[in-house]
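First comes the structure, then the notes that go with it.
The values are calculated or read from the model by the stated rules, or taken from the named source; none is laboratory data. This structure is a prediction, so every number in the text was calculated from the model and none was measured. Glycine also receives a Cβ, built like all others from the backbone with ideal geometry; neighbour counts cover every protein chain displayed. Surface accessibility is based on the protein's heavy atoms, side chains included, excluding ligands, DNA and RNA. Shrake-Rupley method; radii C 1.70, N 1.55, O 1.52, S 1.80 Å.
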Amino acid sequence: MFFEGFELRYVPVGTGRVRVRVGGEGPPVLLLHGHPQTHAMWHLVAPRLAEAGHTVVAADLRGYGESVPPAVAGERHPYSKRAMAAELVAVMRTLGHEEFAVAGHDRGGRVAYRMALDHPETVTRLAVLDIVPTSETWAFADRHGRAFGRAFPHWFYLAEPGDRLERLVSADPDSWYYLKETEQFHPDALADYRRCLHRPSTVHAIFEDYRAGAGIDDLLDRADRASGRRIACPVLSLWSARGELPGWFNVRAVWRRWADQVSGYGIDCGHYLAEEAPDETASALTQFLAEEPI
């Protein structure tokens, strides 16, 4: 069964809402997805965390999936990871969780580590899947632009100002996403991803997410590094052993520039850890959540 035992809920945030699935009992953990997915990517891992004694909340990021953003006319950077993190902290409080662990994959990992930086009194543990911080990524791109651009062109074209490319993607999202190599995705999850991508509002959110990543998110990261601000809670970094990340970065060493308590390792799979290697991913998260802080 898909998310068996989980309740589907829509949590109000101002004039908008956030779609979540909630299941289990015990210390809470928030699960955040990546691009261009929804909370459905956690369907194999979330039940295992619930069975291990956690209240699990899997959420759609602002504008993704069925999370409808509130009116943000007065918000200067509505898709900054700071704004997205603050929204999800409010969601967790609405659900009764003042403190919680958070795990994020891809773009969700960027929201998760910003949440740990901005809300240290709230985030008890942080797990980041297949990323290094945004400013570290852009610094690498500055040094190795051509190689980075060939591997991750979407970091550039999704951040393009104006709506030319956004209109092209909205007109035919199937030509941009999930054309091949989809066997690692559960049919129900893949259907959710595709259905949501056919909404122009979802495509707009994706572009705004990446525009923020190329602008305000990078600036906030750099400001934190310059001020010496660090992640206070324990950090687990997991990454794809088959991907580009470990060839370009000493991933653990990078995160140790940002936090004092860092563990982690590569998993023998592609980018979609929770779907390609759910047993290994769930085991790593369960062990990490059960550890006593140093």
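Pull out all pairs, ordered by first then second residue, where Cβ-Cβ is under 8 Å, the residues are six or more apart or on different chains, the first lies in the stretch 176-202 and is at positive phi, and the second is open to solvent by 80 Å² or more (accessible area, probe 1.4 Å).
Close Cβ pairs (under 8 Å, with a partner that is open to solvent by 80 Å² or more (accessible area, probe 1.4 Å)) amount to 178/194.
What number of residues in the stretch 36-59 are without any contact (Cβ under 8 Å) to a residue 60 or more places away in the chain, open to solvent by less than 10 Å² (accessible area, probe 1.4 Å) and out of contact with any Pro (no Cβ under 7 Å at 6 or more places or on another chain)? So that I can check it myself, show each step before the final result.
Filtering the stretch 36-59 down to residues without any contact (Cβ under 8 Å) to a residue 60 or more places away in the chain leaves 39, 46-47, 50-51, 53, 55-59.
With the extra rule that they be open to solvent by less than 10 Å² (accessible area, probe 1.4 Å), the set shrinks to 39, 46, 56-59.
Subsequent filtering for residues that are out of contact with any Pro (no Cβ under 7 Å at 6 or more places or on another chain) retains 39, 46, 56, 58-59.
Residues in the stretch 36-59 being without any contact (Cβ under 8 Å) to a residue 60 or more places away in the chain, open to solvent by less than 10 Å² (accessible area, probe 1.4 Å) and out of contact with any Pro (no Cβ under 7 Å at 6 or more places or on another chain): 5 in total.
So which pairs qualify, if the first residue must be in the stretch 100-113 and under 8 Å from residue 33 (Cβ atoms) and charged (D, E, K, R), the second must be modelled with pLDDT of 95 or more and open to solvent by 10 Å² or more (accessible area, probe 1.4 Å), the Cβ gap must be under 7 Å, and the two must be at least 6 apart or on different chains?
Partner pairs satisfying both residue conditions: 106/35; 106/130; 107/35.
Suppose we keep only residues that are more than 18 Å from the chain's Cα centre (by Cα) and small (Gly, Ala, Ser) within the stretch 237-259. Which one would you say is nearest to residue 225 (Cα to Cα)?
Checking each candidate, the answer is 259.
Would it be correct to say that residue 266 is modelled with pLDDT of 95 or more, open to solvent by 10 Å² or more (accessible area, probe 1.4 Å) and either in contact with a strand residue (DSSP E or B) (Cβ under 9 Å, 6 or more places away or on another chain) or on the phi < 0 side of the Ramachandran plot (or both)? Lay out the reasoning, then the answer.
Details: modelled with pLDDT of 95 or more: yes; open to solvent by 10 Å² or more (accessible area, probe 1.4 Å): yes; either in contact with a strand residue (DSSP E or B) (Cβ under 9 Å, 6 or more places away or on another chain) or on the phi < 0 side of the Ramachandran plot (or both): yes.
Judged against the criteria, residue 266 is a match.
Yes or no, residue by residue, for (1) hydroxyl-bearing (Ser, Thr, Tyr); (2) touching a Leu at 6+ places or on another chain (Cβ under 6 Å); (3) part of a helix (DSSP H, G or I):
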residue	(1), (2), (3)
239	no, yes, no
247	no, no, yes
266	no, no, no
287	no, no, yes
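From (1) open to solvent by 60 Å² or more (accessible area, probe 1.4 Å); (2) more than 17 Å from residue 38 (Cα to Cα); (3) part of a helix (DSSP H, G or I); (4) in contact with a helix residue (DSSP H, G or I) (Cβ under 9 Å, 6 or more places away or on another chain), pick out the condition that doesn't hold for residue 166.
In the conditions (1) open to solvent by 60 Å² or more (accessible area, probe 1.4 Å); (2) more than 17 Å from residue 38 (Cα to Cα); (3) part of a helix (DSSP H, G or I); (4) in contact with a helix residue (DSSP H, G or I) (Cβ under 9 Å, 6 or more places away or on another chain), residue 166 misses (1) alone.
The conditions are (1) over 17 Å from the mean Cα position of the chain (by Cα); (2) open to solvent by 30 Å² or more (accessible area, probe 1.4 Å); (3) closer than 30 Å to residue 263 by Cβ, and residue 234 fails exactly one of them. Which is it?
Status for residue 234: all satisfied but (2).
Go through the stretch 102-141 and report how many residues are in a loop (DSSP other than H, G, I, E, B) and open to solvent by 10 Å² or more (accessible area, probe 1.4 Å).
Our first condition is that a residue be in a loop (DSSP other than H, G, I, E, B); within the stretch 102-141, this holds for 106, 119-122, 130-133.
With open to solvent by 10 Å² or more (accessible area, probe 1.4 Å) added as a condition, the list becomes 106, 119-121, 130.
Summing the residues that are in a loop (DSSP other than H, G, I, E, B) and open to solvent by 10 Å² or more (accessible area, probe 1.4 Å) in the stretch 102-141 gives 5.
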